Structure formats: C-alpha cells, structure tokens
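The values are calculated or read from the model by the stated rules, or taken from the named source; none is laboratory data. Because the structure is predicted, anything quoted here is derived from the model rather than measured. For neighbour counting, all protein chains shown are included, and Cβ atoms are generated from backbone atoms with ideal geometry for every residue, glycine included.
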Amino acid sequence: DGGITQSPKYLFRKEGQNVTLSCEQNLNHDAMYWYRQDPGQGLRLIYYSQIVNDFQKGDIAEGYSVSREKKESFPLTVTSAQKNPTAFYLCASNPLDRLYGYTFGSGTRLTVV
Amino acid sequence: AQKITQTQPGMFVQEKEAVTLDCTYDTSDPSYGLFWYKQPSSGEMIFLIYQGSYDQQNATEGRYSLNFQKARKSANLVISASQLGDSAMYFCAMREGRGGATNKLIFGTGTLLAVQP
C-alpha cells in the first residue's frame, strides 16, 4: 500500500548535536511538508517542497534544514541552532493536481536529553 | 493573513450522542478549502472531511458532517452517534487558493474530545 514512512518513531538527541529525520513516500506526490507539533498547539509548518531540488521556508524554519534530491524523499535536519527542538514532527505529502489528498506520516518524537 | 481558531480546548460527550466541534477561519482569498483531521494518541493524522469554499452543500462523510457557514466564516464538525473510539484530538485546517502553488495547510490548536460510556 502507498503511504508515507517516517523514521525513527522516537529519537533522542544530546544538546549541540544535529539529527536528521527521515520521510519517504511512495504515493508519487509532488509536494511534501514538514510540520512541528508542540503540546497545546496545532501543527506549524517548518519547510515545504513542491518539486525536486526546490523548497521553501514555512513559519518556523529557523534551526532546521531540508533537502529534496528525490521526489520520494524529504529529510529534515534539526540543527544545534534550534533552541527548543523537543517536539513531535510530522511529514506530509500532497498531489498538486488535486484540491485535497494530503497524507501524513506517523510522526517522529524528538527529545533532547 | 489566514488563521484558524478552535476555541474549545476540550470537550466531553456521552457515547451515542452527537457533538459539535467549533472552528472559525479568517482569509481574504475567495477560494479556499477547509479540512478536519483526527489525531489519536498514536499521533497519526487521519483525514475526516473536506469542504471547498465554492461547494454549495455541506460535506458529509458517514458520521461526520461539516456545518459550513460561509458568511460567518465558520466550519464546525458534527460527529453523530459518538463512539468510544472517537476520543482523540481534532484539528481544523485551511488551505488558501485552489491548490497548485498554494497547497500549504494552516492548522488550529485542536480540540481534545473525550467520549464517556
């Protein structure tokens, strides 16, 4: 079945370290997104990409970086510049030729220790 | 700027009763889409229902219906005949434009629904 795979499910990071969260989709969707979720808050957009080798900053891009070298993959790196990285991270994808059809991964819970 | 507001942090409902989750939105774009998602404790986001701004009728999907009041910029989710499995966080979201380059989803803060037996 088609879908989005996020890995790992749980991730622990020491302060000062960079970590990369994986997001892979086999839906042939053009657009991919990274969201951050904190308790009591909705999802906030970090980065998004509508085409390979191109991506745009969302509302909270500081301290994060992404790449889109393949249509299927959109990894997110949480850098040491991100002051409060502990959160739940969700990846999503969407076909640009439809008004709706967003698909979400199951998320990665990142904890700084 | 577009904005989604969910004013109910938490709600209780008795099993088999109906419940309405509130959502208001703000946008200056005449073309937009409204979504409701369910997030159980496992964290996955489950799509429930979609309403386009030009849709004449309220959207329905099984036990879910969307009470769309365009003039009031309101898009409330109605869940009929609540079940214990409906206990989850519910998010309202909006996409401005008709897709393509404007496919970003903006989310509200969510409503935590607890269904009591």
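Name the residues in region A:43-80 that are touching a strand residue (DSSP E or B) at 6+ places or on another chain (Cβ under 8 Å), within 26 Å of A:Gly2 (Cβ to Cβ) and not in a strand (DSSP E or B), would you?
A:Val52, A:Gly58, A:Ser67, A:Arg68, A:Glu72, A:Phe74, A:Pro75
Only one of (1) at pLDDT 95 or above; (2) closer than 19 Å to A:Tyr102 by Cα is not met by B:Ser31, so which one is it?
(1)
Of all residues in region A:81-104, how many are more than 8 Å from chain B (Cβ to nearest Cβ), part of a loop (DSSP other than H, G, I, E, B) and not charged (D, E, K, R)?
So the count comes out to 7.
Given B:Thr60, B:Thr27, which one is among the hydroxyl-bearing types (Ser, Thr, Tyr) and without any contact (Cβ under 8 Å) to a residue 12 or more places away in the chain?
One residue alone meets the criteria, B:Thr60.
I'd like to check which strands (runs of 3 or more DSSP E) are fully inside region B:32-116 and have at least 2 residues that are within 10 Å of chain A (Cβ to nearest Cβ).
B:32-39, B:46-52, B:88-96, B:105-107
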